[in-house]
1. Could you check the stretch 232-255 and list, in sequence order, the residues that are without any contact (Cβ under 8 Å) to a residue 12 or more places away in the chain and loosely packed, with under 11 Cβ neighbours inside 10 Å?
2. Mind listing whichever residues of the stretch 103-122 are modelled with pLDDT under 75, among the hydrophobic types (A, V, I, L, M, F, W, C) and open to solvent by less than 70 Å² (accessible area, probe 1.4 Å)?
3. Looking only at the stretch 41-59, filter to residues that are surrounded by fewer than 23 Cβ atoms within 10 Å (Cβ to Cβ), over 14 Å from the mean Cα position of the chain (by Cα) and modelled with pLDDT of 80 or more; which one of those is nearest to residue 190 (Cα to Cα)?
4. Give 38, 100 a once-over and let me know the one that is modelled with pLDDT of 90 or more and either open to solvent by less than 20 Å² (accessible area, probe 1.4 Å) or among the hydrophobic types (A, V, I, L, M, F, W, C) (or both).
5. Name the residue, out of 150, 212, 158, 189, that is surrounded by 13 or more Cβ atoms within 10 Å (Cβ to Cβ), touching a His at 6+ places or on another chain (Cβ under 8 Å), of a type outside the set (Phe, Trp, Tyr) and not in a helix (DSSP H, G or I).
6. Please work out if residue 202 is outside any strand (DSSP E or B) and open to solvent by 60 Å² or more (accessible area, probe 1.4 Å).
7. Would you please list the contacts, defined by Cβ atoms under 6 Å and residues six or more apart or on different chains, that run from a residue in the stretch 183-199 that is farther than 17 Å from residue 249 by Cα to a residue that is of a type in the set (D, E, K, R)?
Amino acid sequence: MAYTIAFAGKGGTGKTTLTGLLIDYLGKKGKGPILAVDADANSNLNEVLGVEVETTLGEIREDVVNSGLAVDDPIPTGMSKQDYLDFKLASAMVEEDDYDLLVMGRTQGKGCYCFVNGLLQSQIAKVASQYRYLVVDNEAGMEHISRGILPHVDAVVLVSDCSRRGVQAAGRIAGLVRELKLEPKVMKLIINRAPPGGVNEGTMDEVRKQGLDLLGVVPQDELVYEYDCEGRPTVSLPAGSKARAAFETMIDEII
């Protein structure tokens, strides 16, 4: 069974950046194979990793739901929906040297995500045993875990910015983890994008109030911003970059 690491936190805290850096670190340390899952409907983990995605589970869902309703039916004549699903799901996996990437993506219409969640669950269940690590970038919460999409969770990494609201959101997610009795081996908080002066004492008070285990602080790194603006993969950050260097000192406590 793959060792499963789930990143979660309020939107905009930089959890996708840290997810990508962890995947890159594991690959470079020879700890693959790794299954990376972008479970955020607003998916951009592939951009952090610097890979192209041909199709997402959301797009496959649209093809299946709309089959037979248009002249340009995506499902070839004579092929069943199940056969088409199996074919498309096989092509949805982005294969790299050290990791494979599966992207949930969003649906285009008003339909719920139940179908896409089901696809994600079935695909993970089918292939997870082939990997040493399963690393998941969640939505702004733990919805995918609460719905039983992941077989189990070994480590939960809560990511917050320096705001009290970010820490409060992390506290609510930690409460959900306990409520669901997921019992991960590790559950840690990382405060990301800290200003030069460090984390405000009011925010630290909130960390203590929420009963969170603070693993460490990642400083604001202008290089991350520059790479994003230039469309460069975050994982190509140099070893000496402030964000990468700080985060990598914490990884042994996660894996």
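1. 239, 240, 252
2. Those that are modelled with pLDDT under 75, among the hydrophobic types (A, V, I, L, M, F, W, C) and open to solvent by less than 70 Å² (accessible area, probe 1.4 Å): 116, 119, 120.
3. Residue satisfying both the conditions and the ranking: 50.
4. 38
5. 150
6. No, not satisfied.
7. 184/154; 185/154
Matching residues to (1) modelled with pLDDT under 95; (2) more than 19 Å from the chain's Cα centre (by Cα):
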residue: 153; (1), (2): yes, no
residue: 169; (1), (2): yes, no
residue: 181; (1), (2): yes, yes
residue: 187; (1), (2): no, no
residue: 208; (1), (2): no, yes
residue: 212; (1), (2): no, yes
residue: 226; (1), (2): no, yes
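The values are calculated or read from the model by the stated rules, or taken from the named source; none is laboratory data. What you see is a predicted model, and the numbers here were worked out from it, not measured in a lab. Using ideal geometry, Cβ is built from the backbone for each residue, glycine included, and neighbour counts are taken over all protein chains shown. Just the protein is used for accessible areas: all its heavy atoms, side chains included, with ligands, DNA and RNA removed. Shrake-Rupley method; radii C 1.70, N 1.55, O 1.52, S 1.80 Å.
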